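The values are calculated or read from the model by the stated rules, or taken from the named source; none is laboratory data. This structure is a prediction, so every number in the text was calculated from the model and none was measured. Heads up, the Cβs are rebuilt from the backbone with ideal geometry, glycines too, and the neighbour counts pull from every protein chain shown.
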Amino acid sequence: MAKDQNHEQANFLKGRLYVNRKEFSTALKHFDTVIGGAPDHAAARYFKALCLLDKGQSDLPGQDLFRVAAGYKTAESWEQKLAKDELLRAVQIDPGFVNARLLLVDMSLNEKEVKSAGQHIAAVFKGIRRTFRP
């Protein structure tokens with residue numbers, strides 16, 4: 001990273017290290033760097049969503065204006081929306097991304113969106129059948 005601060009793999013690995021340490025705001029910056037250079041990096045989007053779902057992220061710079069303009073009253077509801085958008089993009093890039101789908105199932109059920117949860121579960125089972133086909 002001394003040579004190239006935007007190095008995709010180095011930022012991704014560094015972000016993962018910060019996630020393991022539960023330093024989510026620092027990890028988030030590294031995943032944003034990865035996504036800035038590689039918008040179709042599904043794993044970076046997944047880990048970014050995990051960082052956003054951490055309760056301590058409500059101090060995201062500049063987000064208050066966007067949150068209020070979008071009609072979200074709490075920082076938590078805004079961050080959940082941002083995380084869900086990242087997860088949806090991750091499964092759009094990689095439809096077989098099981099961890100992202102399972103997190104979307106959980107979020108959908110919490111929002112009482114049973115149909116959406118069912119679609120993600122079906123996609124997970126479809127991927128499992130394809131993987132374990134005799």
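Observations on the model:
- Unique match (being over 22 Å from Leu52 (Cβ atoms), at pLDDT below 90, outside any loop (DSSP other than H, G, I, E, B) and over 13 Å from the mean Cα position of the chain (by Cα)) among Lys115, Lys126: Lys126
- Residue list for segment 17-50, restricted to those being small (Gly, Ala, Ser) and part of a helix (DSSP H, G or I): Ser25, Ala27, Gly36, Gly37, Ala42, Ala43, Ala44, Ala49
- Scanning segment 89-112 for residues that are out of contact with any Asp or Glu (no Cβ under 7 Å at 6 or more places or on another chain) and either hydrophobic (A, V, I, L, M, F, W, C) or not in a helix (DSSP H, G or I) (or both) yields a total of 16.
- Within segment 1-16, considering residues that are touching a helix residue (DSSP H, G or I) at 6+ places or on another chain (Cβ under 7 Å) and outside any helix (DSSP H, G or I), the one modelled with the lowest pLDDT: Met1
- Taken as a whole, the structure places Glu86 among residues that are touching a Leu at 6+ places or on another chain (Cβ under 8 Å), part of a helix (DSSP H, G or I), modelled with pLDDT of 90 or more and of a type outside the set (A, V, I, L, M).
- Summed over segment 89-98, the residues that are surrounded by fewer than 15 Cβ atoms within 10 Å (Cβ to Cβ) and in contact (Cβ under 8 Å) with a residue 12 or more places away in the chain give a count of 1.
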